[in-house]
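Have a look at the structure below before the remarks.
Quick note: the coordinates plus some simple rules give every number you see, no bench work behind them. These numbers were taken from a predicted model, which means no experiment stands behind them. Using ideal geometry, Cβ is built from the backbone for each residue, glycine included, and neighbour counts are taken over all protein chains shown.
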Amino acid sequence: MMTPLQEIRHSAAHILAAAVLRLFPQAKLDIGPPTDAGFYYDFDCEHKFTPEDLERIEAEMKKIVKENQKFERFECSRDEAANHIQTFGQAAYKLGRLADIPEGEPISFYRNGEFLDLCAGTHVRYTSQVKALKLLSIAGSYHRGDEKNKQLQRIYGTAFASRDELEQHLHNLEEAKKRDHRKLGRELHLFHVDEDVGQGLVLWLPNGTVIRQELQNFIGEELRKQGYQQVVTPHIGKLALYKTSGHFPYYKESQFTPLADPDQLARIATEGCTCCDLTSRLEAVSARFRESVNARTGTDTIGAERVLPDESLLDGFLLKPMNCPHHIKIYATSPHSYRDLPVRLAEFGTVYRWEQSGELNGMTRVRGFTQDDAHLFCTEDQVADEIRGCLALVKTVLTTLGITDYRVRVGLRNPDSDKYTGKPENWDKAEAACRDAARTLGVPFSEEPGEAAFYGPKIDFVVKDVIGREWQLGTVQVDYNLPERFDLTYTGADNKPHRPVMIHRAPFGSLERFCGVLIEHFAGTFPTWLAPEQARILPLNDELNAHATALATTLKTLGVRASVDTHSDKLGAKIRRAELDKIPHMLVLGAKEKETGSVSVRSRADKTLEGTHPFDAFVEKLLAEIRERRLPNHA
């Protein structure tokens, strides 16, 4: 059953399709559902839609709204439905959608005015009830989401129950454009994605690396307080390792193509030819590889698309999709007593996932990313306390960064799915532990069946940024299954072997995604402790450059990231440049300030520091602000 807002948006999608057919009668319709942010409709049309067309289409939609057309639903047989579709001239895609409806389910249409659409509903009663709508953009979309099918044109729009809600949404969209981390990433020189390196692979520029390192230092301090041990693991591992863990083949489609073991390649090469010439051996390997690829994909093109070779041929190495198996192997390097537990292993570990190119988005959806990952191995009696400790760490991270508007989601297994591994009784215990821990947070939480990882339930933090958008960030997962798959043990008080419980946790989730969200949340105006450049000295003339440089050297010696603007511009231009670079503190230096050992402060980060201060007094306050990781004070 749709909500009232979903009904408004679903109805707006039908109004959109009706308007397009009035203006472009040759257009063929596919589907037009409501979405969380609005609605869309997919069209096959020889005319290439333009922004000007959107204005015309929206104007036509508003005419249909004013016509107060009634939405009328009727049901019919499958044969009658096919006839309606043919008569309406929309057989190209709608007959396929009709075939998707299972036998025995009702087949229904909705009519408004001259428009007719195969649709299960529901809708508002009259078009006039769609009071506030706006078309937003045009994008390409493959029929049924399959790039082998024809590319259609998708028109996106949104609709709300009132004009005020629509205006607020449009304001938020404009604000989101200003805050777009890809735009700010370029302007502030934070990161770069280069086609020659590869889509979805982030190059951290010096400014962005400062933010990353400060976050790592911050979380590292908290980990030391909680008794974590830092480890480092390789970027690749044997395929068999991930088969044991279940990540391969479970996540097979989202992993990079396996890499062959060099010894195995040599054996294959030897089997593939009768001479010892290296070129011939490599050609033989290539031929075997192509045969494997062709058998799996039906294509002789390698490199132009992703391929999944025969596992028996390439049962070698895999780019690390998860850190968990590596940490498990570290735990297993030595025997453990119950007195040793919990063992808490942490790593800033880089992992790799093959995301589809259409899903990649700056830093928030990438193919290589670094997790602030940790795995805790504990007894069953310790599970509750360890989960609470992990959740407290996530709360500390979010609170320090001023992200206080969030909800908690408990992801549970779907009992009807075969996706999950492990014993039901272990799942029951893990899910109960997650529920109990979530209750201690003092914030609302929801239970969502089907959202668990394949090996265990999880607690996710879903945060809202300053313009109301939701982002899933920190996560904590309880796992009874991987310790069993890897036969992990510890010696209990009874001197017998017992199975530890494993807890996975990542407060940031991934540094790439987290930094992308922070860029947009702060609109690039980071707190001083995170800012790539914390203070900039602006001398009023060239004669003051030497003194300004001496002050900057003092700041740098104390660990402050500072610079001097030595351009021969007027002060206004220097201030404008610092504002564009989003520098937290600008220190204006004139002859009077030099003589009195003071600086005139213009502060974006703390308005209480505005005005002229003795340099040493300002430095003391600045160091306290950085040390305490204060949030900007605009009062």
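Compute the relative contact order of the range 317-398 as a whole-number percentage, counting only Cα pairs closer than 8 Å that sit 6 or more residues apart in sequence. Relative contact order here is 31 percent.
Among (i) 184; (ii) 229; (iii) 157, find the value of volume of the Cα convex hull per residue in Å³ that was calculated from the structure presented, and write down its label. Among (i) 184; (ii) 229; (iii) 157, the one calculated here is (ii). Relative contact order for the chain: 10 percent, from Cα pairs under 8 Å spaced at least 6 residues apart, divided by residue count.
Once you sort the root eigenvalues of the Cα gyration tensor of the range 336-379 as a ≥ b ≥ c, which label holds: rounded (a/c under 1.5), prolate (a/b larger than b/c) or oblate (the other case)? Prolate. Potential lengthening of the chain between E167 and Q86 amounts to 25.2 nm, from the contour at 0.36 nm per residue minus the alpha-carbon distance. The modelled label-to-label distance for the pair R388/T404, using points 7 Å beyond Cα in the direction of Cβ, is 2.4 nm. With 29 Å as the limit on Cα-Cα distance, the pairs of K48/K582; K94/K419; K183/K464; K395/K582; K70/K177; K28/K178 that go past it are K48/K582; K94/K419; K70/K177; K28/K178. Taking Cβ atoms as reference points and 11 Å as the exclusive limit, the residues near A91 contribute a net charge of +3, counting Lys and Arg as +1 and Asp and Glu as -1.
Does anything in the range 588-627 have its amide N under 18 Å from the 7 Å Cα→Cβ label point of D569, and if so which residues? Counting only backbone N, you get 588-590, 602-604.
With a/c under 1.5 counting as rounded, go ahead and sort the range 1-92 into rounded, prolate or oblate using the C-alpha gyration tensor (a ≥ b ≥ c being the square roots of the eigenvalues; past the cut-off, prolate if a/b is larger than b/c, else oblate). Judged from the Cα gyration tensor, the range 1-92 comes out oblate (a/c at least 1.5, b/c at or above a/b).
A Förster distance of 25 Å, applied to the separation of the beta-carbon atoms of L360 and F454, puts the FRET efficiency at 0.55. The stretch between K66 and T244 holds 57.8 nm of extra length on full extension. This uses 0.36 nm per residue minus the Cα-Cα distance. Counting beta carbons within 10 Å around each of H327, H498 and listing the fewest first gives the order H498, H327. Rounded to the nearest 500, the helix-only mean residue ellipticity at 222 nm of the chain stands at -12000 deg cm²/dmol, with each DSSP H run of n ≥ 4 adding -39,500 (n - 2.57). As a calculated quantity, the FRET efficiency between D542 and K183 at R0 = 41 Å, using C-beta atoms, amounts to about 0.75. Take the Cβ atoms of H192 and S254, set R0 to 30 Å, and the FRET efficiency comes out at 0.80. Extending 7 Å from the Cα toward the beta-carbon at both A99 and K225 defines two label points whose distance is 6.1 nm.
Charged side chains reduced to their Cβ positions (Lys and Arg at +1, Asp and Glu at -1) give the chain a dipole of some 1080 debye around its Cα centre. Among V394, V564, V466, sorting on how many other beta-carbon atoms sit within 10 Å of each Cβ, with the fewest leading, yields V466, V564, V394. The ranking of E174, E60 from fewest to most other beta carbons within 10 Å of each one's beta carbon is E174, E60.
Between the range 1-72 and the range 568-623, what is the C-alpha centre distance in whole Å? Taking the Cα centre of each part, the range 1-72 and the range 568-623 sit 54 Å apart. Take every pair of alpha-carbon atoms less than 8 Å apart whose residues are at least six positions apart; their mean separation over the length of the range 517-564 yields a relative contact order of 38 percent.
Here the label points at T612 and Y142, each 7 Å from Cα along the C-beta direction, are separated by 6.8 nm in the simple model.
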